[in-house]
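One structure is given here, and the rest of the page talks about it.
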Amino acid sequence: MANEKIGILGTGDVGRVLGRGLAALGHEVRIGSREPASPKLREWLASAGPRASTGTFAEAARFGEILFLATNWSGTENAIRLAGPPSFAGKVVVDATNPLDFSKGTPVLAVGTTDSAGERVQRWLPDAKVVKAFNSVGNAHMVQPSFPGGPPDMFIAGNDEGAKKVVAALCAELGWPTIDLGGIEASRYLEPLAMIWITHLFRTKSPNHAFKLLRK
């Protein structure tokens, strides 16, 4: 796809890994943060190349033609508020969050069964085209995943068919085939899928696993 301007909200491992990978593909990437000049973002800039930049949440949201939410769930709604919801209007918003509650140590889902983080993000941003993606694999394999059984699958969900095609094209650039599960309410199943990934991580102490749908 043509080189895009991509804004990323969140400076954790997911945001930095995706940002570096997208910049390497030729996209212009701006990561938004409360502290755009923090040491970890200065280090990220040095590794991500000339197409990468940092700014506030609001600056990243205004900059991006496509936006990624890569915040901790506890800070997601506030990050959207700081960014300014009007800056999301009409744009594809990739929701890579998982609604994790760490209050008891081992994470559990704080939202589920009859609602999801993906649906909440869509309600918070009614004029945006939210697509759930990149929530069911660890950051170590988000860019050009390589497994003996071939590339794993990226499951996505969203209400706008055009937006899902845009996200599928970005996934393909990053080395991921996609499987469309339908509307944003399918996030109710994708977020528990992330818990399977996390549970296996805790049991094996290794992030080297991903999901693939087998067909015959």
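Each residue of the range 141-151 in turn: what ³J(HN,Hα) in whole Hz from Karplus with 6.51, -1.76, 1.60 and θ = phi - 60°, glycine and Pro shown as x?
Listing the rounded values in order: 10, 6, 10, 6, x, 10, 10, x, x, x, x Hz.
Quick check: pseudo-label points 7 Å beyond the Cα along Cα→Cβ at PHE102 and GLN144, how many nm apart are they?
It is 3.0 nm.
Report the extension gain between PHE202 and ALA89 in nm, rounded to one decimal, defined as 0.36 nm multiplied by the number of residues separating them, less their alpha carbon distance.
The PHE202-ALA89 span can extend by a further 36.9 nm.
At a 1.4 Å probe radius, which order do LEU201, LEU170 fall into by accessible area, largest first?
Most to least solvent-accessible, the answer reads LEU201, LEU170.
So, R0 is 25 Å and r is the distance between the beta-carbons of ALA172 and ARG34; what FRET efficiency does that work out to, to 0.05?
Once the sixth-power term is evaluated, E becomes 0.15.
State, to one decimal in nm, how far the label point of LYS165 lies from the label point of LEU25, with both points 7 Å from Cα in the Cβ direction.
Taking the two extended label points, one gets 1.7 nm.
Kindly state, as a whole number, the per residue volume in cubic angstrom of the convex hull around the alpha carbon atoms of the chain.
Given the Cα convex hull of the chain, per-residue volume reads 127 Å³.
Show me, for the range 193-199, the HN-Hα J-couplings you get by feeding each phi into the Karplus relation (A = 6.51, B = -1.76, C = 1.60, θ = phi - 60°), rounded to Hz, glycine and proline as x.
4, 4, 5, 5, 4, 5, 4
Using the crude model of +1 on Lys and Arg Cβ and -1 on Asp and Glu Cβ, and no other charge, please compute the dipole size for the range 15-62 relative to its Cα centre, in debye to 20.
60 debye
State log₁₀ I(q)/I(0) for the range 136-216 at q = 0.16, 0.21, 0.22, 0.23 Å⁻¹ as given by the Debye formula over alpha-carbon point scatterers of equal weight, solvent excluded.
-0.63, -1.05, -1.13, -1.20
For the chain, what is the mean residue ellipticity at 222 nm derived from helices alone (per DSSP H run of n ≥ 4: -39500 (n - 2.57); sum divided by total residues; nearest 500 deg cm²/dmol)?
Numbers: 7 runs with 79 residues, N = 216.
So the helix-based figure for the chain works out to -11000 deg cm²/dmol.
Can you give me the long-range amide H partners of THR178? Hydrogens built in the peptide plane at 1.01 Å from N, cutoff under 5 Å, separation of 5 or more residues or another chain.
Amide H neighbours of THR178, under 5 Å, 5+ apart: MET154.
Quick one: if you stick a label point 7 Å off each Cα along the C-beta vector at THR56 and ARG81, how many nm between them?
Output for this residue pair reads 1.6 nm.
Which distance in Å, rounded to a whole number, links the C-alpha centroids of the range 149-206 and the range 66-103?
Cα centroid of the range 149-206 versus Cα centroid of the range 66-103: 17 Å apart.
Under the 0.36 nm per residue contour assumption, what length would be gained going from the current alpha-carbon distance of THR114 and ILE179 to full extension?
Stretched fully, the THR114-ILE179 segment lengthens by 21.2 nm.
Give the accessible surface of the range 1-71 per residue, rounded to a whole number of Å², with probe radius 1.4 Å and ligands, DNA and RNA excluded.
42 Å²
The values are calculated or read from the model by the stated rules, or taken from the named source; none is laboratory data. Note that the coordinates shown come from a computational prediction; the quantities given were computed from them, not determined experimentally. Quick reminder, even Gly has a Cβ in these numbers, built from the backbone with ideal geometry, and neighbours come from all protein chains shown. Surface accessibility is based on the protein's heavy atoms, side chains included, excluding ligands, DNA and RNA. Shrake-Rupley method; radii C 1.70, N 1.55, O 1.52, S 1.80 Å.
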